[in-house]
Every structure is written in structure tokens, then in C-alpha cells.
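Dumping the structure here so I can ask a few things about it.
What follows draws every value from the coordinates through simple rules; no lab data is involved. None of these values were measured; they are calculated from a predicted model. Every residue, glycine among them, receives a Cβ derived from its backbone with ideal geometry; neighbour counts consider all protein chains shown.
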Amino acid sequence: MLSKTNYIVWRECHKNAWLKVHKPDVYYANELSAFEQQIIETGNEVDLLARNLFPDGEYQKKFEKDGFMAITDILTRSTSSGQANLYEVKATNDIDKKTHFHDLAFQYNVLKRAGLNIASANLIHLNGEYVRKGELDLKQLFVIEDVTEKIKEMQEEVSAEMKLALDYITEEKEPVGPCDCIYRGRSSHCTTFAYSNPNIPKYGIHDLARIGASKAKLTELIDSNIFELDQIPTGTKLSEIQENQLRTYLQDRPIISRENIAEELETLVFPLYFLDYETFPAAIPRFDGFSPYNQIPFQYSLHVLDTPESEPTHVDFLYTGSDDPSQTFVESLQKNIGPVGSVIVWHKDFECGRNKELAIRVPDSQGFFEDVEKRIFDLEIIFKKQHYVHKDFKGSSSIKKVLPVLVPSLKYDELEIGEGGTAAERWNRLTTNPPSPEATDGQGNSQLTTEEKESIIKNLREYCKLDTYAMYAIWKALYSLIS
Ligand code: SF4
């Protein structure tokens, strides 16, 4: 039986679809990340809400025919004409042309095979332009796109693909050889890459910074049977970042430009404010002024350093109410960030973007945020500009890669919440009690106990605190190099 999901997986990667069916232990070897879980939960939430557009609709109907199986999101049927309208709900702001049409075309095909007379095939997605004001306006929040003609046009192609996919996944013998991603950079590899390519080194040519964007170069190396970094022939044309990465790897020592680091750090004005935000991108706008997927800043951490030699002091903010945190968040920031001193962040586009949105939502704060904007210093710049390069950064300037090298004693993996996606998911759970697979009340809601809530709050605070302490510790490590 070929399900719609397996058909979509097959279209992305044949080998993976086969593994999913025949070797689920390999395919599902890694647990879903909090980010992936959140995507599933968001999809369910949006699907449930969209049903309100069709009170007489049928939901989650299963159809099977000729070895194919589809479960529809929403189906409406006319009792007089007997015709059906098919609706697929997507929790995105736009149609994803690579998957959504094929997803719907597969369902259309199965329903036709099952004898349904289909009048229309439609995609329902969120309207990114919608701004909430008062009660949710579902007619404004959702866009219904009638794509019947397109879906009909695709039928011949999709029908042929479905047959190929069914034959492929029902083949008992495992497809042999390396998988196609051998010609793509590490960031494109899925979790089963190591299984299909056991001889590829863990740190090799696939890990060169942005090598996936240089397809010709990667192909040339692979076709010459070169996988290890120390096998790359001298004279191979590499970008500056790749050259530096390779040099630090081969020489096994970092490249440090003290002069450039000093020049950057000397622009800082004390006290230093190390600042980091945590946010939640709600698909369904939760408060007035928010559009689908606008970020809700719900937490910040701030370490303040008065002089290079002093110890930093810490303050933080975490909103645990179920209404809009913006006003309280801004008031707290205004209280804790004084009028003088550099505001240090990592990857400033993110914090600056949120500040601009907060300044609109809390108009009194416009002057404050304009001032903060002028005082922002992006610590990531030291690593982006290649003033400090280490082989273990693998060409990245992410704080998660830099911290273990510069301050090995600080670790995220010892925390219960170790990355931003998990923090967002926990906050959402804390403030909304969304439907959960581990439902305990029989209604699909996992009501948190007081202890569970306290534990989430504690873990969120510890995680965000480490983010800003890590920035301080990295600054200190850099400062000690130049003083
Ligand atoms: S690494 Fe790429 S080609 Fe290999 S199984 Fe995963 S998605 Fe498919």
C-alpha cells in the first residue's frame, strides 16, 4: 500500500521511502526534534481550525484503491449532484509548489479510482497578510485556492509516478550503493546518510563550508574518489572561508587575527549588555496586531558587565501569561538596559527585527529601540569576518559551534532545553496547553501539573541565561587574547 506521505517522501528521495517502509529502525533512528514536533502540532492545530469553514464537511476520510491510500483533510459532498469537493489544508502562508500540488493530485487520483465524482480540488493555506484584530476572522485568515485545473493536468504524470513509487517501495531487495546526496553538502543530508554511505568520513569534503553550493567542485572531488580533507589536491579552487577551514584542519591550529579582533572589540562601550531573546512563531495569530507566523518575543536574558574585570550580573524576563507579552516585555527591557553601553547580541538581524516589531506594537518604545539599534554590536561578526577560524567551526559562525571551542566548559547538552526550537515549543505548551499525543485528560489536552509548569519555567530560564552567559564568556576569551 502506498500512502500519500510515502509518495511525497519517494518524490523527495526514493531510497528514503524504501527505508521508511522496510527499515523503520534506520529511518526513525533519530527522535523527532522539538522543532519537527512543533511543525506537526501546528499542522494539526491549523487543520482543526480550518474545519470551521466547512461545518458540514467530512474530515479525515480514508480511501484505498489499487494499492494506494489517501486520507483527506476536508471533503464536502452535494447531496443533489453527488459531487465532492476536496480540500487539503496547509499550515503555510503560501503554496509550496514542490510538494502541495503533488500531495493534492495524489489524493484526487485515489478518490477518482475509488469512484468519487470530484467537482473541485482546493488548497487551503494561511493568509500572511492577515492582521488579527479582535476575534479571529477565519475567512480572512485562510485562503482557499481552487486548483482543480492544475490538478487535472497533472494526473497523467502523477499516475505514472504513483505506479513507479509503489513498485519501488514494494521491492523486497534494498537499493544498493551510495545515495544521491553523496553529491550534496552535509546540510542536505538526511538522518539515514551515514547508513547508506558508511565509508564517507564524518568530517570530510562534505563538511567544507557551503560546498553544496559549488556542485561542480563537489562532483569533481567525488568522481576523483576524494572524500578526506587531506586528499584535496593543492591548487583546487576554494572560497576564502573554505581555504581557511581547510588550513586550520590540515595544520590543526586555529587562525587568529588579534589585530582585527582588537579593532572590533575596541568599539565597545561599557557597561556591556549581553542580550538574547526567545520567541514563538504562532501560525494562528494569537493576539491583536499579529499575522500568521509573526514571532512572539516571550523571554529575554541579559548579562551586564560594568568593567572588563568585573563579574557580570544577570537579569531576565519570562512571560507566563496567556495574553500578549509585548508591553510587559518592553517595559522590562527599558528598566534593565541603561542609557549608555553597547548591547551585544549574536546574529543581530534577529533581535533587531524583533525590536522593530515591538516598537510598532508598543509605540511609546520607539525612541528606546532606535537608541538600542545604534548601540547594538553583533559578536558573531568576529567569526563571520574570519578573524577567528577553528577547524571545529566547520565554516559556521553559529554560537553552538563557537562556544565549545572557545569555552569548552560551557555546555548546552547538559540542559533539559538545549536549543531555541525546544524553548519555543515548551513556552507554547506552558501558555496554551495544546493538544498533545501524550494527552492525559482523554480530551487531547495534556494539562500540565504545577510541578511540570515550574520545571518548564526553570529550564527556560536556565537555557536563555546560558545563551547570554555564553556570549559574555566568548567575549572574555577574545578579550584575553588581545589584552
Ligand atoms: S541522504 Fe539524501 S539521498 Fe540519501 S537517503 Fe537521505 S535524502 Fe536520500
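I want the antiparallel fraction of DSSP beta bridges within the chain, as a percent rounded to 5.
70 percent
Quick check: Cα centre of the stretch 18-44 to Cα centre of the stretch 162-186, how many Å?
Here the two parts' Cα centres lie 18 Å apart.
Please arrange Ile482, Ile211 by how many other C-beta atoms lie within 10 Å of their C-beta, fewest to most.
On the way: Ile482 15, Ile211 22.
Ranked by crowding around the Cβ, least crowded first: Ile482, Ile211.
Still on this structure, I have one more. Under a plain spin-label model, where a point goes 7 Å from the Cα along Cα-to-Cβ, how far apart in nm are Ser80 and Asn199?
It is 6.9 nm.
Round to a whole angstrom and tell me the spacing of the C-alpha centers of the stretch 75-135 and the stretch 310-386.
41 Å
Quick one: what are the phi-derived ³J(HN,Hα) couplings along the stretch 150-156, Karplus 6.51/-1.76/1.60 with θ = phi - 60°, whole Hz, x for glycine and proline?
Computed from phi, the couplings for the stretch 150-156 are 4, 5, 5, 4, 7, 4, 4 Hz.
Still on this structure, please answer the following. Taking the Cβ of each residue in Tyr183, Tyr273, Tyr28 as the centre, tally the other Cβ atoms inside 10 Å and list the residues starting with the fewest.
The order, fewest Cβ neighbours first, is Tyr28, Tyr183, Tyr273.
With n ≥ 4 as the cut-off for DSSP H runs, can you work out [θ] at 222 nm for the chain, using -39500 (n - 2.57) per run divided by the number of residues, rounded to the nearest 500?
Numbers: 18 runs with 206 residues, N = 483.
Calculated at 222 nm, the ellipticity per residue is -13000 deg cm²/dmol.
What length, rounded to one decimal in nm, is gained on full extension from Val176 through to Thr432, with 0.36 nm per residue of separation minus their alpha-carbon distance?
On the way: separation 256, 0.36 × 256 = 92.16 nm, distance 4.71 nm.
Residue separation times 0.36 nm, minus the Cα-Cα distance, leaves 87.5 nm.
How large is the charge dipole for the chain, taken about the Cα centre, if only the Cβ atoms of Lys, Arg (+1) and Asp, Glu (-1) carry charge, to the nearest 20 debye? Don't jump to the answer; show the numbers that get you there.
Values: 54 positive and 75 negative charges, 192 e Å.
Taking the Cα centre of the chain as origin, the dipole is about 920 debye.
Determine which residues of the stretch 243-257 fall in the zone a paramagnetic label at Asp230 would reach in this model, i.e. backbone nitrogen under 20 Å from the point 7 Å along Cα→Cβ.
From the stretch 243-257, the list is 243-255.
Dipole of the stretch 166-310 (Lys/Arg Cβ +1, Asp/Glu Cβ -1, origin at the Cα centre): which of Gln251, Thr191, Pro308 lies farthest to the positive side?
Of the listed residues, the answer is Thr191.
Can I ask one more? Indicate, rounded to the nearest 5 percent, the antiparallel portion of the DSSP beta bridges found entirely in the stretch 21-141.
In the stretch 21-141, DSSP labels about 60 percent of beta bridges as antiparallel.
Using the scaling law 2.2 N^0.38 Å as the reference, what is the normalised Cα Rg of the stretch 261-482? Please report the intermediate quantities before stating the final value.
Working: Rg = 18.3 Å, N = 222, 2.2 N^0.38 = 17.1 Å.
For the stretch 261-482, the normalised Cα radius of gyration comes out at 1.07.
Among the aspartates and glutamates, which have Cα under 17 Å from the Cα of Lys61 when same-chain residues fewer than 8 positions away are ignored?
Within the straight-line limit of under 17 Å, Lys61 reaches these aspartates and glutamates: Asp47, Asp73, Glu88, Asp103.
Now for a separate question. For the residues Thr148, Thr307, what sequence is obtained by ranking on other C-beta atoms within 10 Å, fewest first?
The most exposed by this proxy come first: Thr307, Thr148.
Cα-Cα over 30 Å: which of Lys139/Lys374; Lys15/Lys112; Lys98/Lys401; Lys65/Lys152; Lys90/Lys163; Lys202/Lys411?
Going by Cα-Cα distance, Lys139/Lys374; Lys98/Lys401 fall outside the 30 Å limit.
Enter the angle in degrees (range 0 to 90, nearest 10) between the Cα long axis of helix 34-50 and the first principal axis of the Cα atoms of the chain, meaning the one along which they spread out most.
The helix 34-50 is inclined about 50 degrees to the chain.
Write down Rg/Rh for the stretch 119-257, rounded to two decimals, with Rg from the C-alpha atoms and Rh from the Kirkwood relation over Cα pairs.
That ratio is 1.18, to two decimals.
Helix 450-482 against the longest principal axis of the chain: what's the angle in degrees, Cα atoms only, rounded to the nearest 10?
Around 50 degrees separate the two axes.
Extension gain Lys133-Arg51, at 0.36 nm per residue separation less the Cα-Cα distance, in nm? Show your work: numbers first, answer last.
Values: separation 82, 0.36 × 82 = 29.52 nm, distance 2.11 nm.
Length gained, Lys133 through Arg51: 27.4 nm.
Considering the dipole of the chain built from charges on the beta carbon (Lys and Arg +1, Asp and Glu -1) around the Cα centre, which of Ala165, Ile399, Phe368 is farthest to its positive end?
Value computed over the given set: Ala165.
If you stretched the chain out fully between Lys215 and Lys400, how much longer would it get, using 0.36 nm times the residue separation minus the C-alpha to C-alpha distance?
63.9 nm
Further question on the same structure: Round to the nearest 10 and give me the degree value, 0 to 90, for the angle of helix 348-361's Cα axis relative to the longest principal axis of the chain.
Roughly 70 degrees, rounded to the nearest 10.
Another question, then. Taking the Cα atoms of the chain, what is the range of coordinates along each of the three principal axes, in descending order and whole Å?
Computed over the Cα atoms, the extents are 80, 62, 40 Å.
Tell me whether the stretch 182-252 comes out rounded, prolate or oblate; compute the Cα gyration tensor, take square roots of the eigenvalues as a ≥ b ≥ c, and use a/c under 1.5 as the rounded threshold. Before the final figure, lay out each step's value.
Working: a/c = 1.60, a/b = 1.49, b/c = 1.07.
Taking the square roots of the gyration eigenvalues as a ≥ b ≥ c, the stretch 182-252 is prolate.
Under 8 Å for C-alpha pairs, at least 6 residues apart: give me the relative contact order for the chain, rounded to a whole percent.
Over the chain, the number comes to 13 percent.
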